[in-house]
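Heads up, the thing below is written out as structure tokens.
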Amino acid sequence: MLTSPMQTVPDSSCASARKSVDRLFVPLATDPFMWFCSGRKKWELRKKGRQYTTDHVRTGRYVELRRGYTDSESALWGEIVDVLEADSIEAFFSTVAWRSVLPESGSLSEAICEARKILNIPEGETVPVLGFKVALAAL
């Protein structure tokens, strides 16, 4: 059972044990990683497809949120507690509070623009998205 949200790997046996957990691996830029650390970010939003489908993203699955791809010393562990598919970013934010995804944005319109930039979705283009809420493991 996971008890600490911040993963530190003290030895190789611990690292191999973590790798054997059926978890969704989610690489994050530094700012979103720090927002999760601080508790200000609760939801992750991705373009629907590849590993970000309901086949892979499902409630009850463990998730490893890592700063980048290679910084295994800085990882947060948690569990997916909610999943929402939407036809667009706008539709997603009509159900999920934008501040729980992009806490630094000053308004809904700013959050939509920022999400489009992060997800590389051009203005005016409608792309299905998938969001998932993460409950970090207790300290």
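A few remarks follow.
- Working note: Karplus 6.51/-1.76/1.60 with θ = phi - 60° gives region 23-36 the couplings 10, 8, 8, 10, x, 10, 5, 4, 4, x, 4, 5, 5, 5 Hz, where Gly and Pro are set to x.
- Bridging of Lys48 to aspartates and glutamates at a Cα separation below 13 Å is possible for Glu85, Asp87, once same-chain residues fewer than 8 apart are set aside.
- Per residue solvent-accessible surface (Å²) - region 58-139, probe of 1.4 Å: 51 Å²
- Vicinal HN-Hα couplings computed from phi for region 111-123 (Karplus, 6.51 cos²θ - 1.76 cosθ + 1.60; Hz; Gly/Pro x): 5, 4, 4, 5, 4, 4, 5, 4, 8, 6, 10, x, 3
- Dipole moment magnitude, nearest 20 debye, region 89-139 about Cα centre, only Lys, Arg, Asp, Glu C-beta charged: 220 debye
- Residues Val81 and Thr126, FRET efficiency given R0 of 25 Å [Cβ-Cβ distance, rounded to 0.05]: 0.40
The values are calculated or read from the model by the stated rules, or taken from the named source; none is laboratory data. Everything quoted here is computed from the prediction, not taken from an experiment. Heads up, the Cβs are rebuilt from the backbone with ideal geometry, glycines too, and the neighbour counts pull from every protein chain shown. We work out accessible area using only protein heavy atoms, side chains counted, and drop any ligands, DNA or RNA first. Shrake-Rupley method; radii C 1.70, N 1.55, O 1.52, S 1.80 Å.
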